Structures are given as C-alpha cells and as structure tokens.
Amino acid sequence: MSEIPERIEREMFEIRSRMAPDVRDLRRHADPKVIGQQVKERVKSRLKETLTRLGRSVAASARAQALLAREAGRKRNPAVFTDAVKSDPRPMILLAVLLAVTAVAVRRLSGGGSQR
C-alpha cells in the first residue's frame, strides 16, 4: 500500500521534470514585452506590404495616364486623358502635392518668404 503513493510521486516528479523546459519556453513566449515586439513587427511588415502594393498600383496608374496624355496630345483630344484621371485621380493628386512642396521649398531656399 505504501508503494503506490511513492510510485505516484515518482511519476509526478518525472512529468514535472519533462514539462519544465516547456513551461520556461511558454513563459518566455507569453512575456508582454515579447508579445508587444511581435505585434510591432507584424504591423510594420503589413504596413510595408500595403504601402508597396499601393505604390505599385499608383505607379501603374501613372504610367497608364502618361501614355494616355501622350495619345491625347497626338490626337488633340483630351477626353481620353480626363476620363483616366477621373477614374483614378491618385497620380494627379500626388503630382499636385509634389509640385506644391517643390514650390514651397524653392520659395524658402530663395528667401522669398522672409524678406520684408
């Protein structure tokens, strides 16, 4: 009869010793700092993928609009180009923003805004 509790205790000890590395590993993976870092890395990678995809789509749209602008110039009919811009205005918006930023930068560099 006294042999049964000793055997149970021995088996429990063996089970605990086998589980100890798993428990340490679980603690390391369940650490809030580690989880926060993993989430941060995932968000960065997804954002990067999204921006890359968006950039490719805008670049493709800009290429198509540039081709349509040349065609509109050759045929002297801007309707094709205006339809393309209406369907996807992103490249033209980016161009307008880029031109505005460039104009502001040139003005600041030339001292146009600071003279009295």
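Being out of contact with any strand residue (DSSP E or B) (no Cβ under 8 Å at 6 or more places or on another chain) and in contact (Cβ under 8 Å) with a residue 12 or more places away in the chain holds for only one residue in VAL104, VAL80, and it is VAL80. Go through the residues of the stretch 66-78 one by one and say whether even a single one is touching a Lys or Arg at 6+ places or on another chain (Cβ under 7 Å) and under 30 Å from PRO91 (Cα atoms). The answer is no, given that none of the residues of the stretch 66-78 is touching a Lys or Arg at 6+ places or on another chain (Cβ under 7 Å) and under 30 Å from PRO91 (Cα atoms).
The numbers here are math on the coordinates, done by the rules we state, and not lab data. The shown structure was predicted, so the numbers you read here are calculated from the model rather than taken from an experiment. Ideal geometry is used to build each Cβ from the backbone, glycine not excepted, and the neighbour counts take in all protein chains shown.
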